[in-house]
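Coordinate-derived values only; no laboratory data. This one's a predicted model, so the numbers in the text were calculated from it and none came from an experiment. Here the Cβ positions follow ideal geometry from the backbone for every residue, glycine too, while neighbour counts run over all protein chains shown.
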Amino acid sequence: MAMASGHILKSFDQDLAELRALVAQMGGVAEEAIDGAVTALANRDADAAARIVEGDKLLDQMETELERQVVRLIALRSPLADDLREVLAALKIAGVIERIGDYAKNIAKRVPLLEESRSIEPISVLPAMARATSEMVHAALDAFAARDAQAALKVCQSDRVVDDFYNSLFRALLTYMMENPHTITAAAHLLFVAKNLERIGDHATNIAEMVHFAATGEPVAERGRGADHLSPVAA
Amino acid sequence: MARWTELLGRRASNEQAASADEPESGTDAAILLDAFPEPLLLLEGLVVVATNTAARDLFGAYLDGEDARMALRHPQATALLTGAGSGPAAIGGLGNPDRRWEMTLSRLADGRRLVRLEDRSSAHAAEKMRTDFVANASHELRTPLAALIGFIETLEDANGPDDAAIRSRFLSIMDTEARRMQRLIDDLMSLSRIEADRYVAPRETIDLVALARVAYAEIEAGGKAGNRIQATMAASTAIVHGDRAQLLQLLHNIIGNALKYGRAGGGVFVSVAVRDGSAQLSVRDEGDGIPIEHIPRLTERFYRVDPGRSRSLGGTGLGLAIVKHVVERHRGRLDITSTLGAGTTVNITIPLVPTP
């Protein structure tokens, strides 16, 4: 987390640029955590998974540091309007990235518990779901870097792909559990892994929405979610 | 120092970037950087002061004037940028999730630094293909082996006098699986040998017409041809530089495929002709044909249009991969054309030995 040093009087723009660079850096750590956790899961690599769990502490530290810088920036510069929106967006996005890291850590934590999961057929769709998810996170962070509202909108639209993956995996795993009760423990962990990926996708959408708002001053239109799977079914 | 704030003073949005004025220090450098095809970034500290076209194509035009970490977020990349790490960094996911890059950072005489990104995707893809191949080959061997072991275990219990029928059925299945493994291992060895010789041109002179007749005779003798093969030799000889064993295997493979996948009882038409200084070998079957989306992939190892059918006919999945490599070694060309419902034709062209 080095900073461009040597200037005594730094402009607000420099401070903001450093803030945003720190957010981008956090994004990179989170992206690596997602990829690492999914790879560790695919390879049943408990050591790699342990490293991911350990590495989450870095994200927590970075968020704390960023919060400190935001408070200092607001106190010293009293930013207004666009400037204030950008600073607050950076702070909120950092918080979301930290939560994405937590979900990746949670996936990694389950790797040692999934030794016998090789034979569970529905697991074969997880790599595709993970790829779709990490592409969303990547696209959201790219949109943040470029201040690109259009790119941010595309991320929001692609959330449905990850949701569809989750719903089909949920059904498949439930059916599998009913037919193979001895695999319930492992299958339940896989369900949580899928849920974590789905939540990461939702958080990527949150980042995209905040990027859009910071760039345009307008919120993203409420996304149509299609059928609500949790609403009670008419008898 | 004044330039520094000027560079950061613009908060370039995506729309503004296209029309913003280039900072003076960047323009000369950008002209120089554009001479290079790989993405390059010129940095002052952590700020990007010049980019080339390749870099802008990869990252977007917004990067000019921004902190390099906005685009190069990967922890190994940021470590390199902030001085916490050293040496080239291997990063992925730029531009496309499957691309792999090697990032190097060099310090220039005036204190600025140059980021260079080399595309390592194809090396990575080749390595991945190699790993995939080993995984596929192991799987192909493991499957018949598992069947063998299963039947052996079952046979241990089928020892009574009434079990003769079961025993004989199981033993026949075990024989099939064992021979499948043997054929697969033979093909793997062939492929490996052919690949090793890939860059060594064959030195013997072979008459393709005579060799085609030999293959035909061997296949007829094997009892599987059933009078379906019609051989037409349009020339009396066709002399090429070749490896007799490999060309014979090639003939066996493509004629064998035509017999296997052609319609039962349908004809298999083999012809050798001479045209434009090349020998042209053609094998046509009267089968169901192959859908066009499969054709470019037919010579991939273990690629099967219909896995169940291929296995039940005893195919190893390597036949056409072997054919392709033999053709390449002989500096020839392989063309496969097919019409659904009518049949498939395999055409191979090999240059003749030039007559002095």
Response to the item:
Summing -39500 (n - 2.57) over every DSSP H run of at least 4 in the protein assembly as shown, dividing by its residue total and rounding to the nearest 500, the 222 nm mean residue ellipticity is -19500 deg cm²/dmol
Fill in: J(HN,Hα) series, the range A:196-207, from Karplus relation 6.51 cos²θ - 1.76 cosθ + 1.60, nearest Hz, glycine and proline x
4, 5, 5, 5, 4, x, 4, 5, 4, 5, 4, 4
Item to complete: Please list the non-local residues whose amide H lies under 5 Å from the amide H of B:D288, H modeled 1.01 Å from N, same-chain partners needing a gap of 5 or more.
Response: B:R263
Worksheet item: Quick one: what do you get for the range B:160-253 if you divide its Cα Rg by 2.2 N^0.38 Å?
Response: 1.56
Response to the item:
Summed over the other residues with a beta carbon less than 14 angstrom from that of B:E218, with K and R at +1 and D and E at -1, the charge totals +2
Worksheet item: For the range B:120-196, what is Rg from Cα atoms divided by 2.2 N^0.38 Å, rounded to two decimals?
Response: 1.60
Discussion item. Amide H of B:V305 versus every other amide H placed in the peptide plane: which residues, excluding those fewer than 5 positions away on the same chain, fall under 5 Å?
Written reply: none
Discussion item. So if I take the centroid of the Cα atoms in the range B:267-302 and the same for the range B:69-85, what is the distance between those two points in Å?
Written reply: 53 Å
Worksheet item: What is the log10 of I(q)/I(0) for chain B, computed with the Debye formula using one identical point scatterer on each Cα and no solvent, at q = 0.06, 0.14 Å⁻¹?
Response: -0.43, -1.06
Worksheet entry | Kirkwood hydrodynamic radius of the range A:12-216, from inverse mean 1/r over distinct Cα pairs, in Å | 17.7 Å
Discussion item. From zero outward in steps of 10 Å, how is the percent of C-alpha pairs of the range A:111-180 spread across the bins?
Written reply: 18, 38, 25, 15, 4
Discussion item. Give me a comma-separated list of calculated 3J(HN,Hα) values for the range B:161-171, in order, Karplus coefficients 6.51, -1.76, 1.60 applied at θ = phi - 60°, integers in Hz, x for any Gly or Pro.
Written reply: x, 7, 8, 4, 5, 4, 4, 5, 5, 5, 4
Discussion item. Please enumerate, by chain and number, the lysines with C-alpha under 18 Å from the C-alpha of A:K195, excluding those fewer than 8 residues away in the same chain.
Written reply: A:K105, A:K109
Worksheet item: Which of these, B:D57, B:D243, B:D175, has the largest mean-square fluctuation under a Gaussian network model of chain B (Cα springs below 10 Å)?
Response: B:D57
Worksheet, complete the sentence: Once normalised by the length of chain B, the mean sequence separation of its alpha carbon contacts under 8 Å that are 6 or more apart gives a contact order in percent of 11 percent
Item to complete: Could you go through the range A:163-168 in sequence order and give the Karplus-derived ³J(HN,Hα) for each residue, using 6.51 cos²θ - 1.76 cosθ + 1.60 with θ = phi - 60°, rounded to whole Hz, and x for Gly and Pro?
Response: 4, 4, 4, 4, 4, 6
Worksheet item: How big, in percent, is the set of alpha carbon pairs in the range B:72-170 lying more than 19 Å apart?
Response: 65 percent
Worksheet, complete the sentence: On each of the three principal axes the extent of the alpha-carbon atoms of the protein assembly as shown, given in whole Å and largest first, is 94, 75, 44
Practice prompt. With only alpha-carbon atoms counted, please give the Rg and Dmax of the range B:201-356, in Å.
Written response: 15.0, 51
